[in-house]
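The values are calculated or read from the model by the stated rules, or taken from the named source; none is laboratory data. Small disclaimer: the values here were computed from a predicted structure and weren't measured. Neighbour counts run over all protein chains shown; Cβ positions are idealised from the backbone, glycine included.
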Amino acid sequence: MVRVSWVSAAGSTHLPSVTMAPHLRPIVGPDFGAVDGASDLGAIVGALLTYGLIIAVLMVVVCAVTWAIGSAHGSWHVCSKAKSGLLVALGGAGLTGGALAWGNWLLDLGATL
């Protein structure tokens with residue numbers, strides 16, 4: 001649900017008239033209080049991001065070790081799969097780590113439109 005209010009230059013909130021004065025500007029943003037349990041949802045998303053980041057970092061370690069062992073034993077097939085897994089795990093760690101910052105940036109950007 002999106003809450004829209006009109007704020008005049010003096011800061012008083014009122015209903016918009018048919019002909020809007022140029023000193024009125026719309027303030028549009030998400031109404032996080034409209035959903036019951038929004039704070040619980042934020043905690044769940046935060047926990048999922050934490051678990052996702054931990055799993056991605058563990059996969060980076062496992063793939064790097066597998067790549068090193070495969071390289072030491074001359075197994076090019078294992079090295080190739082471990083290298084692919086390492087790149088996917090690094091991408092997943094980057095996306096998981098940047099998801100919250102990207103979401104906050106989009107919310108701030110939407111408020112300025």
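Screening segment 103-113 for residues that are free of Cβ contacts under 8 Å to residues at least 40 places away in the same chain and surrounded by fewer than 11 Cβ atoms within 10 Å (Cβ to Cβ) and picking the one that is farthest from L48 (Cα to Cα) gives T112. Against the numbered list (1) at pLDDT below 85; (2) in a helix (DSSP H, G or I), S17 comes up short only at (2).
Looking across segment 66-110 at every residue that is among the small types (G, A, S) and touching a Gly at 6+ places or on another chain (Cβ under 8 Å), the one that is nearest to A56 (Cα to Cα) is identified as G92.
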